[in-house]
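The values are calculated or read from the model by the stated rules, or taken from the named source; none is laboratory data. Please read all numbers here as calculations on a predicted model, not as lab measurements. Every residue, glycine among them, receives a Cβ derived from its backbone with ideal geometry; neighbour counts consider all protein chains shown. Surface accessibility is based on the protein's heavy atoms, side chains included, excluding ligands, DNA and RNA. Shrake-Rupley method; radii C 1.70, N 1.55, O 1.52, S 1.80 Å.
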Amino acid sequence: MHKHPALNAYPSAAATGAGWLRYASPAAFYPLAGRMIPWLALGAALFAAAGLYVGLAVAPTDSQQGEVYRILFIHVGAAWMSMFLYLVMALYAALGLIFNTRLSFMMMRALAPTGALFTFLTLWTGALWGKPTWGAWWVWDARLTSELILLFLYLGFMALQAAADDDAQRADRGGAILVLAGVINVPIIYFSVRWWSTLHQGASINLTTAPSMAHIMVTAMLLMVAAFWLYSAAAALARVRGIIAEREPGAVRTDRTRREAA
């Protein structure tokens, strides 16, 4: 019994999945990342412009905190990304250790500077918000302290990579073990305001309850989160292309030859 020709026009799910698996190779991923970066960067710029406009010009003044609350439009998104990027690093670390995939280790390394940047931004904007709100730039609050530990984890990972840069395999495996050991700090950051009595306020946005702030404020915050997410993706892809070019220069030559032939 013959199948209708139209039924063969669509690839099976298995074939599609197998097609995507080829991008686990650094040589195949290198040109794909190059095509994605401009679009991700453009999206990040547009969302950031929209988020800053809504947050600074459209959202009303908070009745209790006044204008200083607008720092939270950057602070909250940066805090989310600092934790999210570490979890993504941990995922890549696990994949690299289990399957010994080179690209997983490269992505783990590429994400670290952006994660450290957002962690520093979280602490800095938190200090700017804390001074007029709490009367102090810094307090040894459980959430602040655990976020500071997260920054040290990022910096420690990058220092380990730099120290063992002459042995990429040792650097990859040592960094992966460090990342996985430190992942326990992420739930501590998130749940610290529930587990301990802290000065830090609870979550403004929760998946199980309605937001405690006005919808226009939530909109500005989510726009900034989207901008940070797209920026993180663009920065990580740009950085991983540099890592691939350093470790596997043949991939760059192949991509250049392909583009010149086209």
Quiz item: Which of the following residues is open to solvent by 70 Å² or more (accessible area, probe 1.4 Å), modelled with pLDDT of 90 or more and closer than 19 Å to Ala176 by Cβ: Phe105, Phe157, Phe152, Phe120?
Solution: Phe152
Quiz item: Being within 21 Å of Thr257 (Cα to Cα), part of a helix (DSSP H, G or I) and at pLDDT 50 or above, is that true of even one residue in the stretch 6-22?
Solution: yes
Quiz item: Hey, among the residues in the stretch 160-170 that are part of a helix (DSSP H, G or I), hydrophobic (A, V, I, L, M, F, W, C) and without any contact (Cβ under 8 Å) to a residue 60 or more places away in the chain, which one's surrounded by the most Cβ atoms within 10 Å (Cβ to Cβ)?
Solution: Leu160
Practice problem: Please enumerate the residues belonging to the stretch 47-61 that are surrounded by 13 or more Cβ atoms within 10 Å (Cβ to Cβ) and free of Cβ contacts under 8 Å to residues at least 60 places away in the same chain. | Solution: Tyr53
Quiz item: Of all residues in the stretch 123-149 being under 17 Å from Val225 (Cα atoms) and not hydrophobic (A, V, I, L, M, F, W, C), which is modelled with the lowest pLDDT?
Solution: Gly126
Quiz item: Does Ala110 satisfy the condition of being modelled with pLDDT under 90 and among the hydrophobic types (A, V, I, L, M, F, W, C)?
Solution: no
Quiz item: Out of Trp134, Trp140, which single residue is in contact (Cβ under 8 Å) with a residue 24 or more places away in the chain and either under 24 Å from Arg194 (Cα atoms) or touching a strand residue (DSSP E or B) at 6+ places or on another chain (Cβ under 8 Å) (or both)?
Solution: Trp134
Quiz item: Just one of the numbered conditions (1) closer than 28 Å to Pro26 by Cα; (2) open to solvent by less than 30 Å² (accessible area, probe 1.4 Å); (3) of a type outside the set (S, T, N, Q) is not true of Gly130; which one?
Solution: (1)
Exercise. Looking at (1) without any contact (Cβ under 8 Å) to a residue 60 or more places away in the chain; (2) open to solvent by 20 Å² or more (accessible area, probe 1.4 Å), find the lone condition where Ile74 falls short.
Key: (1)
